[in-house]
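Written below as structure tokens is the structure these notes are about.
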Amino acid sequence: MTEQDLDARVRFLTELARRLHIAGVSASRLEGAVRATARALHISAEIWSTPTGLLLSLGDADALHGSQQTRVLRLEPGSIDLRALVALDRIGEQVIAKQVTVDAAWEAMRALDRPFTPGQRLLTVLAFGLASSAVAGLLRTGYVDISVAAIIGLLIGWLAVASATRPHLGAAMEAVAAIIATTLATAFGHFVAPISVQTVVVASLIVLMPGLTLTTAVTELATQQLVTGTTRFAGALMVLLKLTFGTVAATQVLTALGWTVPPVSPEALPRLVEVVAAVMAAGSFAILFRATSRDVPLVMGSAILGYVLTRVAEQALGANGGSFASGVFVASLAMAALSNVYGRVKGRPGALVRLPGIMLLVPGSVGFRALGFVMEREYTTGFDTLVAVMSALLALTAGLLFGSLLVPPRRYL
């Protein structure tokens, strides 16, 4: 292997790792995928992935005492991008099969860069509103609550898109969003019509809830990615704290102003509302995860299947809020196994099935409510809710690990 050839392979692997990080791949899966590709290229690779950076040491595996090249990359925490993940997986497979050169593969990765168009921004805003109304429907609240949650969700979506190009707004995004959602929901309930304020606020902020990040962090800790898991867990906890602070602060100010909302009796909604809400939630995931049009039915079907499996398992096993989240465990195990089967049969990333399949199972909103109880000094209720969060996290993590044990993943992704 010539020095120039070694440099080309190192450059390709570095770019592959960087783009997998940006696409939201967890540490263990990223490191496994890059190492597998490096072995095929006869490169020795030592990789350390964290939520905010990458450290790679790469060298010629055929050289007995060859020198290694070190790359240090400072990156922002990645977000799920299924379109990019599918493309990167395909490029990696082509390089391993020697169908393309590493130079051509590097150029192909560079060609993936596309500006965020106004249409995509509008679609993202609409996905926020869609997700908010869907979650309100899944929580079986009233029609007015669903409508208010959708409107506030659209506003939060616009704020999230705007914060992407405004660093100072981005740092305080969650707290600002929580203040806006709480203020608008309370104002509507006080001046227009009574609503379930807490449910509307949770639904409005659902996209910002770090449920998937918490699940990824616990999974990384379980797979001995201790530094990365701890860092990611701390980041998710900080997001929850900012959301909780915004909600509690706004509530105290509005209470001082005399803006109160009378209690609302639960409204009996037909079962069809839950069905429609599940489909809407699945559609919002397809948009927010940036799935290609080809993969939209797969992503939506996976999300709906995960939710249905949870409900069926809970009814069959007699699960309830105070016991181990057995329904979540069964559903996550099934989705993890199915995702790996899909990856092996179709030769594509299992994440297309796995990530959407667990999105309606992650306990982000429950963690938000738990911290809210604690900040309002309702310690008993807060502790009970935190126990429910831990039960859901453990069940979800165990299901994912056992699912991958039953059916090993194709190429980590």
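The values are calculated or read from the model by the stated rules, or taken from the named source; none is laboratory data. Everything numeric here is computed off the predicted structure, so don't read it as measured data. Glycine also receives a Cβ, built like all others from the backbone with ideal geometry; neighbour counts cover every protein chain displayed.
Figures for the structure shown
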| read-out | value |
| --- | --- |
| Some residue of the range 242-264 being at pLDDT 90 or above, part of a loop (DSSP other than H, G, I, E, B) and not hydrophobic (A, V, I, L, M, F, W, C) | no |
| Check on Glu46, under 25 Å from the mean Cα position of the chain (by Cα), under 27 Å from Gly235 (Cα atoms) and surrounded by fewer than 16 Cβ atoms within 10 Å (Cβ to Cβ) | no |
| The range 211-241, residues that are buried (at least 20 other Cβ atoms within 10 Å of the Cβ) and not in a helix (DSSP H, G or I) | Gln225 |
| Those residues of the range 86-123 which are part of a helix (DSSP H, G or I), in contact with a helix residue (DSSP H, G or I) (Cβ under 6 Å, 6 or more places away or on another chain) and of a type outside the set (Val, Ile, Thr), in sequence order | Leu88, Gly92, Asp103, Ala105, Trp106, Ala108, Met109, Arg121, Leu123 |
| Scan of the range 124-148 for residues that are β-branched (Val, Ile, Thr) and either in contact with a Leu (Cβ under 6 Å, 6 or more places away or on another chain) or assigned to a helix (DSSP H, G or I) (or both), ordered by number | Thr124, Val125, Val135, Val144, Ile146, Val148 |
| Any chance Leu309 is at pLDDT 90 or above and either assigned by TED's automatic domain parsing to the domain that holds Gly78 or surrounded by fewer than 24 Cβ atoms within 10 Å (Cβ to Cβ) (or both) | no |
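Residue by residue, here is whether (1) aromatic (Phe, Trp, Tyr); (2) touching a residue at least 24 places away in the same chain (Cβ under 8 Å); (3) in a loop (DSSP other than H, G, I, E, B); (4) touching a Pro at 6+ places or on another chain (Cβ under 8 Å) holds:
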residue: Leu13; (1), (2), (3), (4): no, yes, no, no
residue: Ala17; (1), (2), (3), (4): no, yes, no, no
residue: Leu20; (1), (2), (3), (4): no, yes, no, no
residue: Ser28; (1), (2), (3), (4): no, yes, no, no
residue: Gly32; (1), (2), (3), (4): no, yes, no, no
residue: Ala36; (1), (2), (3), (4): no, yes, no, no
residue: Arg39; (1), (2), (3), (4): no, no, no, no
residue: Leu55; (1), (2), (3), (4): no, no, no, no
residue: Asp62; (1), (2), (3), (4): no, yes, yes, no
